[in-house]
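What follows is a short report on a single structure.
The values are calculated or read from the model by the stated rules, or taken from the named source; none is laboratory data. All values reported here derive from a predicted model rather than from experimental measurement. Neighbour counts are summed over all protein chains in view; Cβ atoms, including those assigned to glycine, are modelled from backbone coordinates with ideal geometry. Heavy atoms of the whole protein, side chains included, go into the accessibility calculation; ligands, DNA and RNA do not. Shrake-Rupley method; radii C 1.70, N 1.55, O 1.52, S 1.80 Å.
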Amino acid sequence: MAYNANKDLKLFYSISEVAKMFDVNESLLRYWEKEFPIISPKKAGHSRQYRKEDIENIRMVYYLVKEKGMTLAGAKQRLKQSKSAVASDSEIVRRLKVVRDELARMRQELDYIT
């Protein structure tokens, strides 16, 4: 789930771009869209345009379902109880992954030097 700094400048993302961000199938995103009303990309014909807020909502669902192993019903309940806590937790996990990836990159560089 690494993010490209240049992509942060975009207003809309295609379903394939979002699927790559989370390493999931496009069909899973369409399914989550049906299950979680907070995920509501703009639809233009057959294509979907995801805004930054849609991506943040997908991040929360991904965190609960894929990382914490919750059922869809459990994830819905958790979001209903405290969406802000879930958002905070998922953002912390995202930042820690960025730090982990950077540390792994630094370690590889050090291993290459020695």
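Details
- Test for residue 106: is it aliphatic (A, V, I, L, M) and open to solvent by 80 Å² or more (accessible area, probe 1.4 Å): yes
- Filter result for residue 56 (among the charged types (D, E, K, R) and over 20 Å from residue 26 (Cβ atoms)): no
- Among the numbered conditions (1) crowded, with 16+ Cβ neighbours inside 10 Å; (2) touching an Asp or Glu at 6+ places or on another chain (Cβ under 8 Å); (3) modelled with pLDDT under 95, the only one that residue 60 does not meet is (2).
- Counted residues, the range 1-29 - those being open to solvent by 50 Å² or more (accessible area, probe 1.4 Å) and either modelled with pLDDT under 95 or under 24 Å from residue 97 (Cβ atoms) (or both): 16
- Residue ID - nearest to residue 98 (Cα to Cα), chosen from residues in the range 30-51 that are surrounded by fewer than 16 Cβ atoms within 10 Å (Cβ to Cβ) and touching a residue at least 40 places away in the same chain (Cβ under 8 Å): 51
- Condition met for residue 90 (hydroxyl-bearing (Ser, Thr, Tyr) and open to solvent by 60 Å² or more (accessible area, probe 1.4 Å)): no
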